[in-house]
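These notes are about the structure you will find just below.
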Amino acid sequence: MTATSAPAATSVEIMGHFDYVQDGYAYGWAFAPSQPTRRLAIEILADGEVVGHGNAEQFREDLAAAGLGDGRCMFSLKLSCELFDGRVHSLTARDAQTGQPLAGGPHEFGPQVRPQPHAQIARAEGLRLLAEL
């Protein structure tokens, strides 16, 4: 896992909720009322480190019915294999651009162990090697 500081906050209002974690995915929704067609980038954090990221762009009928744009503001984000280390992790969600946390959570994940099909290096080491390139 890699420590990542929060982005600089902006004045864009973000509505959203980190609903739950299940089967290695984090679920919730996020929406910017002043920019209803914008698909927000969401980060899932464990101990201040990003362990999942992606866009809130999937359709959910209840969100459309609630008037949240076209209803395409749900996220289901795959969590990093680093979380399957047999420890309990506390997960939170935030808007990647503003750093604004989403309501809901923290949610506990683990203790789960999942053997990986191939050898891996820690995310921090991978990012260090990538930066050297």
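The values are calculated or read from the model by the stated rules, or taken from the named source; none is laboratory data. What you see is a predicted model, and the numbers here were worked out from it, not measured in a lab. Counting neighbours? That spans all protein chains shown, and the Cβs are built from the backbone with ideal geometry, glycine included. What goes into the accessible areas is simple: the full protein's heavy atoms, side chains included, and nothing from ligands, DNA or RNA. Shrake-Rupley method; radii C 1.70, N 1.55, O 1.52, S 1.80 Å.
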Honestly the chain on the Cα gyration tensor test (a ≥ b ≥ c root eigenvalues; a/c under 1.5 rounded, otherwise a/b vs b/c for prolate or oblate) is just prolate
Candidate residues H89, H107, H53, H17: accessible-area rank, largest first, probe 1.4 Å: H53, H17, H107, H89
Taking the chain as the reference, fit the longest principal axis to its C-alpha atoms, fit the long axis of helix 123-132 to the helix C-alpha atoms, and give the angle between the two in degrees, 0 to 90, nearest 10. 90
Which loop-located trypsin sites (Lys or Arg not before Pro) does segment 63-96 contain, where loop means any DSSP state but H, G, I, E or B and the Cβ has at most 13 other Cβ atoms within 10 Å? R87
Please work out the FRET efficiency for the pair E132 and C81, using the Cβ-Cβ distance as r and a Förster radius of 25 Å; give the result to the nearest 0.05. 0.65
With each run of n ≥ 4 DSSP H residues scored as -39500 (n - 2.57), what mean residue ellipticity at 222 nm is computed for the chain after dividing by its residue count and rounding to the nearest 500 deg cm²/dmol? -3000 deg cm²/dmol
